[in-house]
């Protein structure tokens with residue numbers, strides 16, 4: 001199970017990325033195309049042309065980390081994506097399912113529970 005604090009955002013690239021790109025090449029995409037802060041501790045996820053390779057770039061204590069996974073069978077399954085998006089934000093659960101090759105679109109998740117807002121006190 002992947003456990004990340006709620007402050008960490010996960011951005012998934014839409015479209016194919018050349019998997020020969022390293023730290024600097026992927027960082028250039030984040031800075032140039034997405035206009036996002038590389039040093040905020042967020043995760044940036046990229047998939048290759050065949051969708052069987054995944055790289056995750058993030059900043060950690062003075063250096064970039066590049067996580068790489070290649071599936072021996074199957075492909076990474078993308079969540080639903082808006083037509084005009086260049087990247088999409090996903091949560092840690094969706095990232096974990098993506099990395100295991102689970103089809104996120106086919107998974108039924110319960111509605112997120114939130115407590116009711118407190119009733120306004122009547123003047124009295």
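Only the coordinates and a few stated rules stand behind these numbers; no lab work does. This structure is a prediction, so every number in the text was calculated from the model and none was measured. Cβ: placed from backbone, ideal geometry, glycine included. Neighbour counts: every protein chain shown.
Any residue at all in segment 54-61 that's farther than 15 Å from residue 12 by Cα and either without any contact (Cβ under 8 Å) to a residue 12 or more places away in the chain or surrounded by 13 or more Cβ atoms within 10 Å (Cβ to Cβ) (or both)?
Scanning segment 54-61, I find at least one residue that is farther than 15 Å from residue 12 by Cα and either without any contact (Cβ under 8 Å) to a residue 12 or more places away in the chain or surrounded by 13 or more Cβ atoms within 10 Å (Cβ to Cβ) (or both), so the answer is yes.
Could you pull out the residue among 98, 12, 36, 4 that is touching a residue at least 24 places away in the same chain (Cβ under 8 Å), surrounded by 12 or more Cβ atoms within 10 Å (Cβ to Cβ) and in a helix (DSSP H, G or I)?
Among 98, 12, 36, 4, only 98 is touching a residue at least 24 places away in the same chain (Cβ under 8 Å), surrounded by 12 or more Cβ atoms within 10 Å (Cβ to Cβ) and in a helix (DSSP H, G or I).
With the requirement that a residue be touching a strand residue (DSSP E or B) at 6+ places or on another chain (Cβ under 7 Å) and under 15 Å from residue 17 (Cβ atoms), what does segment 64-84 give you?
66, 67, 68, 69, 70, 76, 81
Check residue 76 against each of (1) more than 17 Å from residue 26 (Cβ to Cβ); (2) touching a residue at least 12 places away in the same chain (Cβ under 8 Å); (3) part of a loop (DSSP other than H, G, I, E, B) and name the one condition it does not meet.
(1)
Out of segment 39-52, which residues are more than 14 Å from the chain's Cα centre (by Cα) and surrounded by 12 or more Cβ atoms within 10 Å (Cβ to Cβ)?
The answer is 48, 50, 51, 52.
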